[in-house]
1. Give, as a single signed number, the net charge of other residues whose beta carbon lies under 11 Å from the beta carbon of Asp100, with Lys and Arg counted +1 and Asp and Glu -1.
2. Quick check on my link table: of Lys316/Lys340; Lys167/Lys340; Lys255/Lys499, which ones sit more than 18 Å apart, alpha carbon to alpha carbon?
3. Work the Kirkwood hydrodynamic radius out for segment 222-513: mean of 1/r over every pair of different alpha-carbon atoms, inverted, in Å.
4. Across 10 Å bins from the origin, how do the percents of Cα pairs in the chain run, short distances first?
5. Quote the accessible area belonging to Phe372 in square angstrom, nearest 10, computed with a 1.4 Å probe and with ligands, DNA and RNA left uncounted.
6. Need one number: the % of Cα-Cα pairs in segment 86-186 sitting beyond the 20 Å mark.
7. With θ set to phi - 60° and the Karplus curve 6.51 cos²θ - 1.76 cosθ + 1.60, what are the ³J(HN,Hα) couplings of segment 345-352 in order, to the nearest whole Hz, using x for Gly and Pro?
8. Per-residue HN-Hα couplings for segment 496-504, Karplus 6.51 cos²θ - 1.76 cosθ + 1.60 at θ = phi - 60°, whole Hz, x for Gly and Pro?
Amino acid sequence: MAKSRKSQEEIAIEAINHALKALRKRHLLEEAAHAPAILALSRPIISQGSEWKEKADNLELELQQCYKAQSRLSEQLVVEVAESRVSKGLLQEKETAIVDMQKELTELRDECSQLKTDLEQKVKEVELVLSENSELKAQLEQMTTKVNAAEAENKMLIDRWMLEKMKDAERLNEANALYEDMVQRLRASGLEQLAREQVDGIVRRSEEGAEFFSESNIPSNCKYRINAHEGGCASLLFEYNSSKLITGGQDRSVKVWDTNTGSLSSSLNGCLGSVLDLTITHDNRSVIAASSSNNLYVWDLNTGRVRHTLTGHTDKVCAVDVSKVSSRHVVSAAYDRTIKVWDLMKGYCTNTIMFPSNCNALCFSVDGQTIFSGHVDGNLRLWDIQSGKLLSEVAAHSLAVTSISLSRNGDIALTSGRDNLHNLFDVRSLEVCGTLRATVNRVASNWSRSCISPDNSHVAAGSADGSVHIWSISKGEIVSTLKEHTSSVLCCSWNGMGKPLASADRNGIVSIWS
């Protein structure tokens, strides 16, 4: 475009120069043509007249017009020269812009070349990384193969070790079975002797391990009022053939009390959650606590140390019981909708039973082959401990079952529920043989525990108003109301020897009644 503009300017200049040359030529020609006339006029010839004067005027007029035309052409030439200068300035600016763009283009080409070089280097690095990754992948496959082989070998060794352990356990079981058979024979011979020694309805113990009790008296006054736990006491029970009381509370502790003096005998620590239920083996050696930490804790009463921490539940454990036949079998129920059977000698779970409704309470049958469980849906269920199958199911309450306890002979099962009823079931038929109720008795929580007296004649249950009500099973009515607590009573327990009765409330106060 600059070249075309330049050519047009050159053509215009040439045209102007050509016009000036033609004008000068014409002017010279006119001067040459008028020269004779001027010479003639300059001569003093009288004979020439007005004709020549007119011609001179005309020629002078044409000359003036030529001068005017020359002036216009000069002005036009000045304008064209000015425009030519402006165009030249624009051309210089365009050339400068072109130079700048050429420089920028050169820089971009250099940058592109540098980027191309960097890209080639990066490609080489990526290829190197891919190569290293392939090598690492091959090494990983080799290591995985070695690990799989090691795991297979480890599993084989574990299986062999477990097989040896099982053999050892079987030998130990045989020894325990032989020992228990001998103990049963000794007890049988001892009970025969005890029957001969019965005096005034009181059976005395003449051989270690035999249980004895007297007719239960209806308690009437509070012998001791113990501030046992901070935050509440949810479970308590007596040792077998002993006056010692074991309590568990919200303060994550289990305590042993002497009910004869009301003093603290020992404390069992190590539980990581609130104690929701307690049980004890028949030899009074181990205490098992169900905890809100999803675990069960087993203490040795003699040393006060934790023997086992039984893990496996995924929610709070709210109920636990130990077999009345063998001290090695324990059952627990949690809010993960499972019942687990544990072997205390091995320290792990041997069976898991699943069900659709959370379980609040459970207990073993007298023969140790059946598990009674009370659920939030109000049903009472019976399970076979070996197979885990449901044996029977009955609607015990319209609301959640909170407590299950068996009579000493195992013929009667007492259940309590949030419908404020206490039902007595015939274990053989699972039919209700009695219902205890009172408008003043209100069950305080989902884990409120009631109990049957050792002589199977009375039932004790706490109430939300702080009272403890005692029913006569034969009469079906309240025969005593104990008032000492200032908050909801959560649990009651009768000593196996008939007295005393213990109760605990939501403030952690334990009352001993005589």
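1. Here the count lands on -2.
2. Values: Lys316/Lys340 13 Å; Lys167/Lys340 23 Å; Lys255/Lys499 20 Å.
Too far apart for the 18 Å limit: Lys167/Lys340; Lys255/Lys499.
3. Here the Kirkwood hydrodynamic radius works out to 18.5 Å.
4. 3, 14, 18, 14, 6, 4, 3, 3, 3, 3, 3, 4, 4, 4, 4, 4, 3, 2, 1, 0, 0
5. Accessible surface of Phe372 is approximately 0 Å².
6. Values: 3827 of 5050 pairs.
Roughly 76 percent, rounded to a whole number.
7. Those phi angles translate into 5, 7, x, 8, 6, 9, 7, 10 Hz.
8. x, 8, x, 7, x, 9, 10, 9, 9
The values are calculated or read from the model by the stated rules, or taken from the named source; none is laboratory data. As the structure is a computational prediction, the values presented were derived from the model and not from experiment. Positions of Cβ are backbone-derived with ideal geometry, glycine not excepted, and every protein chain shown enters the neighbour counts. Accessible surface is based on the protein model in full, side chains and every heavy atom, while ligands, DNA and RNA are left aside. Shrake-Rupley method; radii C 1.70, N 1.55, O 1.52, S 1.80 Å.
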